[in-house]
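Here's the structure, in structure tokens; my notes come after.
The values are calculated or read from the model by the stated rules, or taken from the named source; none is laboratory data. Nothing here was measured: the structure is a model prediction, and the numbers come from that model. Cβ atoms come from the backbone with ideal geometry, glycine included; neighbour counts cover every protein chain shown. Side chains are part of the model used for accessible areas, which takes the heavy atoms of the whole protein and leaves out ligands, DNA and RNA. Shrake-Rupley method; radii C 1.70, N 1.55, O 1.52, S 1.80 Å.
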Amino acid sequence: MDRSRSASAFALANKYIPGGVNSPARAFGGVKLEASDRQSPVFFQSANGSKLQDIDGNEYIDYVGSWGPMILGHRHPEVESAIERALHHGTSFGTPTEAENELCQRVIDAVDSVEKVRLVNSGTEATMSAIRLARGTTGREKIVKFAGNYH
């Protein structure tokens, strides 16, 4: 399997991005490999359904599914249609929108135990919100943190 373009892209990425990737989880920093065993990550360029294609032309089955959001597969026609409709209103506001209300109401309706929803941009923001909620609910000031864990 040829991965020469991915290797070149990774070499270039290392000039601009610490560790050559934009996620500590993908940097393999905690994995102790001999230099001869190290490989560059695969750089992908396209996806359709359950398949991914890398920049070298190799095809893969996408078992990650973007950690859940791609549950319908890449480029699902109904998702593409919804994205196109949303684009006509604008791409990012940084302010409250009625669409947020609708999404939150759908989550609340779908899950009996959910009374309110907070939408966040990252796992870090989700963790911060969870800590604030736990401290406010319990009245406790201290939290326990485990070093070396994800979020």
Taking into account only those residues within the range 96-128 that are assigned to a loop (DSSP other than H, G, I, E, B) and hydrophobic (A, V, I, L, M, F, W, C), which is most open to solvent (accessible area, probe 1.4 Å)? L119
When you scan the range 104-124, how many residues do you find that are of a type in the set (D, E, K, R) and either touching a Leu at 6+ places or on another chain (Cβ under 8 Å) or closer than 18 Å to P69 by Cα (or both)? 2
With respect to A86, determine if the residue is under 25 Å from V120 (Cβ atoms), aliphatic (A, V, I, L, M) and at pLDDT below 95. yes
Of all residues in the range 26-56 being farther than 18 Å from H74 by Cβ and surrounded by 13 or more Cβ atoms within 10 Å (Cβ to Cβ), which is modelled with the highest pLDDT? D56
